Amino acid sequence: MSRRPAPGRTGRGRRTGDARRTAPVHVLVYHPYEAEAYARLVRAPRGMTIHTCATEAEAAPVLAEAEVAFAWKLPPPLYRAATRLRWLQAMGAGVDWALVPELPAGVQVTRAPGVFGPWMSEYVLGWCAWVTQKMETYRAAQRERRWIETVVPGRLAGATLCLVGVGDIGRAIARAARALGMRVVGVTRSGARVPGVERIYRTARLTAALAAADFVVLVVPLTPTTHGLIGARELAAMRPTAWLLNVARGAVVDEPALLAALERGAIAGAVLDVFTTEPLPPESPLWALPNVVVTPHVSGPSTPDELAPLFNDNLARWRAGRPLRHIVDRARGY
Ligand code: OXD
């Protein structure tokens with residue numbers, strides 16, 4: 001529920017239009033610390049009541065009435081009360097947090113394609129350039145006032161980037177990588193051709209794809225089939241000079257196997273934005289490894305400005321009884 005109701009809001013929410021003509025549709029906007037910012041940008045059609053909630057306690061009674069939710073990581077126990085819920089728009093790149101057994105069967109989940117690819121492309125290519133431009137080395141030398149002209153940067157042009165997962169985010173990364181002259185290959189379930197990706201391998205040929213890469217970028221959704229997809233065998237298939245970048249989910253990688261590979265130099269290093277436990281616990285050895293970059297799950301930030309228009313478009317469709325866009329296939333998990 002709204003912590004600070006804006007003028008014109010009812011005790012529990014903001015009502016638009018003449019609610020006497022049709023039963024109001026209750027819409028929950030849930031985010032632990034930006035609910036108000038999201039709700040401010042929601043353009044609710046007539047007869048919809050917006051409820052802004054930042055805590056589980058606020059959201060529980062609203063969910064008992066809400067037909068629609070626009071949310072980030074709704075705590076699964078809340079779904080038990082969500083008997084009227086019909087549509088959940090996820091405020092994030094992944095929807096694994098939403099597709100839990102507690103989510104009632106009839107709820108459609110929609111995602112936000114197009115929003116995260118540009119962010120994640122910059123993250124991925126930025127860190128690839130950090131590797132080839134040896135940024136860490138030059139900065140360390142600068143701190144010691146050393147002129148290390150014998151160390152020269154490498155090129156991204158001509159290097160091979162392997163995308164494990166080639167959905168809308170993977171395609172955006174592929175475009176950015178190609179613009180820098182990289183060769184892009186990919187791994188998908190179907191193995192079907194993807195424009196702009198030189199070669200697609202089926203998941204069954206994952207190790208062959210990994211062996212071809214200088215940079216391996218994990219960008220698959222977390223599903224029962226991708227859980228633990230990168231284990232000791234897959235890491236052993238990578239080149240000892242290759243880097244692994246994970247912007248997907250921590251659980252896509254067998255973390256102990258990764259740690260072992262990094263410690264013995266079986267791969268050059270890893271740039272990790274996601275972990276099996278987040279926040280990464282202070283005692284994790286990953287923090288201290290010299291060939292690991294740890295970032296705090298920031299490669300594809302959700303912003304109200306980018307997500308609200310997408311939700312508003314679908315909300316208008318919902319009100320008009322038209323089909324929603326970007327529906328998740330719940331059986332597939334994305
Ligand atoms: C995610 C996100 O889904 O950060 O991980 O959006």
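The values are calculated or read from the model by the stated rules, or taken from the named source; none is laboratory data. Worth saying up front: this structure is predicted, and the values here are computed from it rather than measured. Glycine gets a Cβ as well: all are built from the backbone with ideal geometry, and neighbour counts include every protein chain shown.
Inspect the stretch 118-130 for any residue being in a loop (DSSP other than H, G, I, E, B), more than 16 Å from the ligand (Cβ to nearest atom) and at pLDDT 95 or above and give the result as yes or no.
No: zero hits.
Among the residues of the stretch 172-224, how many are of a type in the set (D, E, K, R) and either in contact with a Ser or Thr (Cβ under 6 Å, 6 or more places away or on another chain) or closer than 18 Å to Tyr334 by Cβ (or both)?
4
Only one of (1) among the aliphatic types (A, V, I, L, M); (2) within 16 Å of the ligand (Cβ to nearest atom); (3) in a helix (DSSP H, G or I); (4) in contact with a strand residue (DSSP E or B) (Cβ under 6 Å, 6 or more places away or on another chain) fails for Ala308. Which number is that?
(4)
Tell me yes or no: at least one residue of the stretch 319-332 is of a type in the set (Val, Ile, Thr), under 30 Å from His26 (Cβ atoms) and either in contact with a His (Cβ under 9 Å, 6 or more places away or on another chain) or within 16 Å of the ligand (Cβ to nearest atom) (or both).
There is at least one residue in the stretch 319-332 that is of a type in the set (Val, Ile, Thr), under 30 Å from His26 (Cβ atoms) and either in contact with a His (Cβ under 9 Å, 6 or more places away or on another chain) or within 16 Å of the ligand (Cβ to nearest atom) (or both).
Return the total of residues in the stretch 267-305 being within 22 Å of Thr226 (Cα to Cα) and within 11 Å of the ligand (Cβ to nearest atom).
8
Regarding Thr188, is this residue in contact with a Phe, Trp or Tyr (Cβ under 7 Å, 6 or more places away or on another chain) and either more than 26 Å from Asn291 (Cα to Cα) or surrounded by fewer than 16 Cβ atoms within 10 Å (Cβ to Cβ) (or both)?
No; evaluated as a whole, the condition is false for this residue.
Check the stretch 260-280 and report whether any residue there is under 17 Å from the mean Cα position of the chain (by Cα), more than 13 Å from Val294 (Cβ to Cβ) and of a type in the set (A, V, I, L, M).
Checked against the condition, which is being under 17 Å from the mean Cα position of the chain (by Cα), more than 13 Å from Val294 (Cβ to Cβ) and of a type in the set (A, V, I, L, M), the stretch 260-280 yields no hits at all.
Could you run through the stretch 276-334 and say how many residues are among the aliphatic types (A, V, I, L, M) and more than 17 Å from Arg111 (Cβ to Cβ)?
Going through the stretch 276-334 one residue at a time, the tally reaches 10.
Residues being within 8 Å of the ligand (Cβ to nearest atom) and buried (at least 23 other Cβ atoms within 10 Å of the Cβ): count how many of those fall in the stretch 88-113.
Residues in the stretch 88-113 being within 8 Å of the ligand (Cβ to nearest atom) and buried (at least 23 other Cβ atoms within 10 Å of the Cβ): 3 in total.
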